[in-house]
Amino acid sequence: MRRYFGRKLFTYTLTFFIAATIDWLIPRFMPGDPVAGLMAKTGGLSPEGAAELAKYYNNLFGLDRPMLDQFIGFWSSLLQGDLGRSVFVHGRPVTEAIMGAVPYTLALLVPAILLSWWAGNSFGALAARRKWLDNTVLPVGYILTATPYMWLGLMLAFILGFSLRIFPMSGGYGFNLEPALTWRFFTDLVAHWMMPFLSLFMVMFGGWAIGMRNMIIYELESDYSRYLEALGAPQGLVRKYAFRNAMLPQITGLALQLGVIVAGSLVTEIVFSYPGIGMLLFNAIKSEDYFLLQGIFLFIIIGTLLANFMVDLVYVLVDPRTRIGMRGGTA
Amino acid sequence: MTSVTNAESRTEQALGSPTGGATDVPAKKASGEFLYFALRSKKFLVAMGILFVLMVIAVFGPVVDSTDPLGQAGMAMQPPTADPGNWFGTTYLGEDVFAQFANGLRATFFVGLLGGGLAALIGMAVGFIAGYLGGWVDEILNMVTNIFLVIPTLAVLLVIASYLPSEWRGVPFEAIFIGLTSWPWAARAIRAQTFSLRSRDFVDLAKLSGRRGWKIIVTEIAPNMSSYLFLTFILLFGGAILIGASLDFIGLGPHEGITLGLMMFYATTGAALNLGIWWWFIPPGIGIMATVGALYVMNVGLDEIFNPKLRDI
């Protein structure tokens, strides 16, 4: 057990180190001076004033120190939760800008991932070996999973938002409202959340349903299922065993899919101007705000690694073979 | 289904759980059998039909209708008409939507082929080497694969792209970038397959006969999972198209030319949604959905053709 987690921890730490180092390179390796770009945004300065401001910015971002110093500084401030300052949100700390956006993204992603995973797996398992359901779930699943996230978002926005005017088309909440703990604000929040959630949910649902259906069919054809059937075990029992075995690849799939899902939420947020991480990233790219970019990427890296680690943990719980492997036996 | 038993032993080793040794099935017989089941698979035929139509549009569309996809081609914001001039309508800037669609489809296929192909090659190389050699080579390649899985590819793209002169940032760059970053899961899958094949008798025999490692991989292991490799390529093909569309949509797409993703990007930035110009953003989405969906369905169809266990469902 300890060896297993030790190795996992080592891999994750190394991966994080390398990924974060690449991330750190972004503002430094960009051609042109990030400070020059910043200066261009504040026009009307005298030459002395400009020089003074450049010095101030260089100092603020720590760009006037030697590279190694900057690298160490990056890690020490990172461990203290400091990601520098953003240009796009007017010099506010990057951490603050990200923390403002995180709740929206999480509120979108977590229910979408969990619900689509649950619903997709249930439908997929039902569809396997049930002809009429299979004939509907399968084509719908393939169409959904082949749909680009942003296009489904655009279509929903066009049909439900533009034509039928059921849900508001953009933003996290109405422009006429201030964030507050009122019923009115809450319903408005939910109304704005509905369409981005639906578009994410639908695309993911297709993928899970198909994956589960195919896995169940494979499992029902395998020797242990045949053996159980030959013994005269009831259909329900055979299916139960098949379902449990088919779940394992789906859990791995969840880990592998996380990166894609994050990318999916990025484009969905852009479609609906939803004020989450994706929208922040979009704005950071548009305004060439490299420090904000760096912070967002770091956040995404940490999120992906944490989620992967959680999947590893769950795997130990659900798959006894991993536990045997940890004790040094062979599965 | 008279030849099922024969096909079973052959395809079993090719896909899923390879069990038997290598049997030399004459190529002619194998392809004849493939055709026999392919022509009876509704999924395969429908998918091939859709892909064929799309391919014709992508290849001949821009030739027949040589309208510049990014030039003024008529009145702005014209809905689709029967008039052959701008029969898909025009954009906010008066560009011809059909010209954008046909050229974009061409670029999208290119991204899929080159990006998916490159990813398949890298995934195969890494998967074969890691699975065949095992040991510390496997450990290292496994770690590299893991790093590529979580690396922020967008960040890498931003850094690389900023160094490239703008004229290099066309569709080929996007395709190559996608190819270089989307191989990890394929490598994992192929590694697992190779791993289960490498201890078979026929591989041992090849080793005893003194053949070199790469030759054993190419002549013994790869042919025994050829259908699996082909299915992997199809999935990577579709994946590359979807990734490309996302990159375009975030604003990191090609700086010149048009792709289906860029069409959606321009449509969104051009407020097509609020102006109700639905004919601008519906075609590119349908193009991508049809292409990728057809690829996925073809994947299942082929799976059923190769694997008799799945045939009678």
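Summary table below
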read-out	value
Test set (1) touching a residue at least 12 places away in the same chain (Cβ under 8 Å); (2) assigned to a helix (DSSP H, G or I); (3) out of contact with any helix residue (DSSP H, G or I) (no Cβ under 7 Å at 6 or more places or on another chain); (4) not acidic (D, E) - A:G207 fails condition number	(3)
Members of region A:129-146 that are more than 9 Å from every other protein chain (Cβ to nearest Cβ), surrounded by fewer than 22 Cβ atoms within 10 Å (Cβ to Cβ) and modelled with pLDDT under 85	A:R130, A:W132, A:L133, A:N135, A:T136
Where B:I160 falls short, out of the listed (1) buried (at least 16 other Cβ atoms within 10 Å of the Cβ); (2) within 13 Å of B:L252 (Cβ to Cβ)	(1)
Residue within region B:190-209 that is aliphatic (A, V, I, L, M), within 28 Å of A:G211 (Cβ to Cβ) and within 12 Å of another protein chain (Cβ to nearest Cβ) present	yes
Wholly within region B:76-178, helices (runs of 4 or more DSSP H) carrying at least 2 residues that are at pLDDT below 80, within 14 Å of chain A (Cβ to nearest Cβ) and within 30 Å of A:Y12 (Cβ to Cβ)	B:135-150, B:153-163
Verdict on A:L292 being surrounded by 14 or more Cβ atoms within 10 Å (Cβ to Cβ), out of contact with any Gly (no Cβ under 9 Å at 6 or more places or on another chain), assigned to a helix (DSSP H, G or I) and modelled with pLDDT of 80 or more	no
Total residues in region A:270-313, condition under 30 Å from A:P168 (Cβ atoms), within 11 Å of chain B (Cβ to nearest Cβ) and of a type in the set (S, T, Y)	1
Condition check for B:A222: within 11 Å of chain A (Cβ to nearest Cβ), surrounded by fewer than 21 Cβ atoms within 10 Å (Cβ to Cβ) and in contact (Cβ under 8 Å) with a residue 24 or more places away in the chain	no
Given (1) part of a helix (DSSP H, G or I); (2) modelled with pLDDT of 85 or more; (3) away from chain B (no Cβ under 12 Å), index of the condition A:A246 fails	(2)
Enumeration of residues in region A:312-328 that are of a type in the set (A, V, I, L, M, F, W, C) and either modelled with pLDDT of 75 or more or within 17 Å of A:P249 (Cα to Cα) (or both)	A:L313, A:V314, A:V316, A:L317, A:V318
Scope region B:179-210; condition farther than 19 Å from B:I151 by Cβ, touching a residue at least 60 places away in the same chain (Cβ under 8 Å) and not in a helix (DSSP H, G or I); matching residues	B:R198, B:R200
A:G174 being without any contact (Cβ under 8 Å) to a residue 24 or more places away in the chain and more than 10 Å from chain B (Cβ to nearest Cβ)	yes
Where a residue in region A:73-84 is surrounded by 13 or more Cβ atoms within 10 Å (Cβ to Cβ) and its partner, wherever it lies, is outside any helix (DSSP H, G or I), with Cβ under 6 Å and at least six apart	A:G73/A:G62
Those residues of region B:260-312 which are within 7 Å of chain A (Cβ to nearest Cβ) and among the hydroxyl-bearing types (S, T, Y), in sequence order	B:T268, B:Y296
Among the residues listed as A:L126, A:L114, A:L154, A:L164, the single one being surrounded by fewer than 23 Cβ atoms within 10 Å (Cβ to Cβ) and either farther than 21 Å from A:I210 by Cα or within 12 Å of another protein chain (Cβ to nearest Cβ) (or both)	A:L164
Conditions (1) over 20 Å from B:L93 (Cα atoms); (2) without any contact (Cβ under 8 Å) to a residue 12 or more places away in the chain; (3) of a type in the set (A, V, I, L, M): number failed by B:I288	(2)
Top-ranked residue in region B:225-250 [being of a type in the set (F, W, Y) and within 8 Å of the chain's Cα centre (by Cα); ranked as nearest to the other protein chains (Cβ to nearest Cβ)]	B:F237
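Residues are listed down the side, and each one gets a yes or a no for (1) closer than 24 Å to A:K286 by Cα; (2) modelled with pLDDT of 70 or more; (3) surrounded by fewer than 13 Cβ atoms within 10 Å (Cβ to Cβ); (4) within 35 Å of the chain's Cα centre (by Cα):
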site: A:M30; (1), (2), (3), (4): yes, no, no, yes
site: A:G49; (1), (2), (3), (4): no, yes, yes, no
site: A:N58; (1), (2), (3), (4): yes, yes, no, yes
site: A:D69; (1), (2), (3), (4): no, yes, yes, yes
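The values are calculated or read from the model by the stated rules, or taken from the named source; none is laboratory data. Owing to the predicted nature of the structure, the values given are computational and were not obtained by experimental measurement. Because the Cβ atoms are built from the backbone with ideal geometry, glycine has one as well, and the counts that use them run over all protein chains shown.
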